[in-house]
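Reviewing the structure listed below.
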Amino acid sequence: MSEARATVTPASPPLTERQEARRRRILHASAQLASRGGFDAVQMREVAESSSVALGTLYRYFPSKVHLLVATMQDQLQHMHTTLRKRPPAGESASERVAETLMRAFRALQREPHLADAMVRALTFADRSVSPEVDTVSRLTTAIILDAMGLTAPPTADQLSAVRVIEHTWHSALITWLSGRASIAQVKIDIETVCRLIDLTAPEAPR
């Protein structure tokens with residue numbers, strides 16, 4: 001009986017400039033198709049044709065439609081993060097700033113409801129094979145929230161726990177809004193309510 005060997009997957013080499021340009025065309029085509037017709041409109045063959053890449057090449061970048069749409073959400077969040085850093089929230093407290101930031105992000109998605117629905121459905125359908133991409137989406141969302149909080153010290157365990165609950169609520173609010181079970185006004189109330197956890201978990205100032 002042979003010994004079981006631990007396999008180590010090598011890190012992917014960085015993309016060349018040409019590969020990165022190709023990847024950007026693919027993500028742009030995915031977002032355009034999703035914006036027009038939602039999840040079902042994103043067909044891999046059409047994405048390949050729209051981005052001028054071979055179908056086999058597309059599958060090397062993104063093994064499935066779910067991988068592609070989760071990567072599209074990652075790309076959208078990166079753009080959102082850049083915009084928010086250029087124009088940060090103006091609330092006086094950390095909870096107000098985070099609530100304002102998440103509502104700005106929500107309204108950006110509201111302008112493209114088909115795209116938002118496609119990306120959220122992809123996240124919902126994602127299995128373990130999409131874990132790296134889903135983790136990146138989560139890290140980006142965390143980074144957006146932490147930036148809005150404007151911390152002067154590393155976040156505590158309690159603060160990170162609060163951020164995770166806020167992320168879950170925001171994701172759930174997107175789903176309920178997209179399914180027509182919550183209004184924008186209700187989403188705003190839920191986001192503002194959960195963001196109060198930030199104030200509750202803030203470390204006490206030394207006396």
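The values are calculated or read from the model by the stated rules, or taken from the named source; none is laboratory data. All values derive from a computational prediction rather than experimental measurement. Note that we place each Cβ from the backbone using ideal geometry, even for glycine, and neighbour counts take in every protein chain shown. Heavy atoms of the whole protein, side chains included, go into the accessibility calculation; ligands, DNA and RNA do not. Shrake-Rupley method; radii C 1.70, N 1.55, O 1.52, S 1.80 Å.
Points to keep in mind about this one:
- Solvent-accessible surface of the chain, averaged per residue with a 1.4 angstrom probe and all protein chains in place: 60 square angstrom.
- Portion, in percent, of the accessible area of the chain that falls on carbon or sulfur, probe 1.4 Å: 53
- Listed residues 141, 124, 101, most fluctuating in the chain (Gaussian network, C-alpha, under 10 Å): 124
- Using only side-chain charges placed at the Cβ, +1 for Lys and Arg and -1 for Asp and Glu, the dipole size of the chain relative to its Cα centre rounds to 540 debye.
- For the chain, the Rg and Dmax computed from alpha carbons only, in angstrom: 19.2, 66
- In this rough spin-label picture, where each label sits 7 Å from Cα along the Cβ direction, the residue 192-residue 158 distance is 2.5 nm.
- Between residue 60 and residue 151, the contour length at 0.36 nm per residue exceeds the alpha carbon distance by 28.8 nm.
- Projecting the Cα atoms of 132, 114, 44 onto the charge dipole of the chain (Cβ charges, centred on the Cα centre) puts 44 farthest toward the positive pole.
- Simple point charges give the picture: +1 on the Cβ of Lys and Arg, -1 on the Cβ of Asp and Glu, and for the range 21-63 a dipole about the Cα centre of about 260 debye.
- Inter-label distance for residue 200 and residue 32, nm, one decimal - labels placed 7 Å from Cα along Cα-to-Cβ: 4.7
- Placing unit charges on the Cβ atoms only, positive for Lys and Arg and negative for Asp and Glu, gives the range 127-207 a dipole magnitude near 120 debye about its Cα centre.
- Cα centroid separation, the range 20-37 to the range 129-207: 27 Å.
- Nitroxide proxy distance, nm - points 7 Å out along Cα→Cβ at residue 17 and residue 82: 1.7
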